[in-house]
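Engineer: Shown below is the structure under consideration.
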Amino acid sequence: MQRPVHVGLTGGIGSGKSTLGQMLQSCGAALMDADAIARSVTAPGGAAIADIRTAFGPEAIDSTGAMDRARMRTLAFSSPQARAQLEAIVHPWVTRLSAQQARDAATAGHRAIVFDIPLLVESGRWVRKLDAVVVVDCSTETQIHRVMARNGLQRAAVQAILETQASRQARRAAADAIVVNDGISLEALRGHATQLARLFGL
């Protein structure tokens, strides 16, 4: 059985990366969503909960038994050490479960697997596992406006998030293909997805 093409999909917050990933999925790709996996292992009863409680104390867990995402987000953005500690707990689970999902997708006959990884460039460990990297890019101002509207955050909060992510230049430098999602319609974005799907044998 031929190995599926492994495609990394990344982009800064508010770039439209997840939307493009869903469009590629509708074209026939299997989609591995790193954020969704991270949410699952930090949900009530999730695989990472015990280690998070041990590392950060019971206040890191909310009343439902899930990681207190708001509290941990604030802590992670204010303390690089805390962020690294949290990533050291969560990221191995994301890697392990992504690999399992990829094996399942290959067994099911998918010809392309898209790994939606927000911190692909920052992590440094994903690129060698991929056949190609697609970056969704837009202006910083567009990112800020989208995230403010979507998440109800203040500008300063969005800027703080952006400062923890790779620069646009670093992401573009890592890309095999760049989709500029600035001032275009969803139909135009879907056209880019269709073109990429053809390149990946879909």
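Engineer: Name the residue, out of D116, D104, that is touching a strand residue (DSSP E or B) at 6+ places or on another chain (Cβ under 7 Å) and either among the small types (G, A, S) or modelled with pLDDT of 90 or more (or both).
Structural biologist: None of the others qualify; the one that does is D116.
Engineer: Taking the conditions exactly as written (outside any loop (DSSP other than H, G, I, E, B), touching a residue at least 60 places away in the same chain (Cβ under 8 Å) and in contact with a Cys (Cβ under 9 Å, 6 or more places away or on another chain)), does R150 satisfy them or not?
Structural biologist: no
Engineer: If a residue has to be closer than 17 Å to V94 by Cβ and assigned to a helix (DSSP H, G or I) to count, how many in the range 61-72 make the cut?
Structural biologist: From the range 61-72, those closer than 17 Å to V94 by Cβ are 66-67, 69, 72; that's our starting set.
After this cut, where a residue has to be assigned to a helix (DSSP H, G or I) as well, the list is 69, 72.
Count: 2.
Engineer: Something else about it: How many residues, within the range 26-40, are part of a helix (DSSP H, G or I) and within 15 Å of the chain's Cα centre (by Cα)?
Structural biologist: Adding up the residues that qualify gives 7.
Engineer: Kindly provide the set of residues from the range 149-162 that are of a type in the set (A, V, I, L, M, F, W, C) and within 14 Å of G12 (Cβ to Cβ), ordered by number.
Structural biologist: V158, A160, I161, L162, listed by residue number.
Engineer: Residues of the range 84-132 being open to solvent by 40 Å² or more (accessible area, probe 1.4 Å), within 24 Å of A170 (Cα to Cα) and of a type in the set (D, E, K, R), which ones?
Structural biologist: E87, E122, R125, R128, K129, D131
Engineer: I'm trying to understand the selection: among the residues of the range 48-60, which are open to solvent by 20 Å² or more (accessible area, probe 1.4 Å) and either out of contact with any Lys or Arg (no Cβ under 8 Å at 6 or more places or on another chain) or outside any helix (DSSP H, G or I) (or both)? Spell out the reasoning first.
Structural biologist: We begin by selecting, within the range 48-60, every residue open to solvent by 20 Å² or more (accessible area, probe 1.4 Å); these are 50-51, 53-56, 58-59.
A50, D51, R53, T54, A55, F56, P58 - these are the residues of the range 48-60 that are open to solvent by 20 Å² or more (accessible area, probe 1.4 Å) and either out of contact with any Lys or Arg (no Cβ under 8 Å at 6 or more places or on another chain) or outside any helix (DSSP H, G or I) (or both).
Engineer: Collect the residues in the range 178-202 that are in contact with a Cys (Cβ under 8 Å, 6 or more places away or on another chain), assigned to a loop (DSSP other than H, G, I, E, B) and buried (at least 16 other Cβ atoms within 10 Å of the Cβ), keeping them in residue-number order.
Structural biologist: Within the range 178-202, N181, L202 qualify.
The values are calculated or read from the model by the stated rules, or taken from the named source; none is laboratory data. Note that the structure is predicted; figures quoted are calculated from it, not measured. Every residue, glycine as well, gets a Cβ built from its backbone with ideal geometry; the counts of neighbours run over all protein chains shown. Just so you know, the surface numbers come from the protein's heavy atoms only, side chains and all, with ligands and any DNA or RNA stripped out. Shrake-Rupley method; radii C 1.70, N 1.55, O 1.52, S 1.80 Å.
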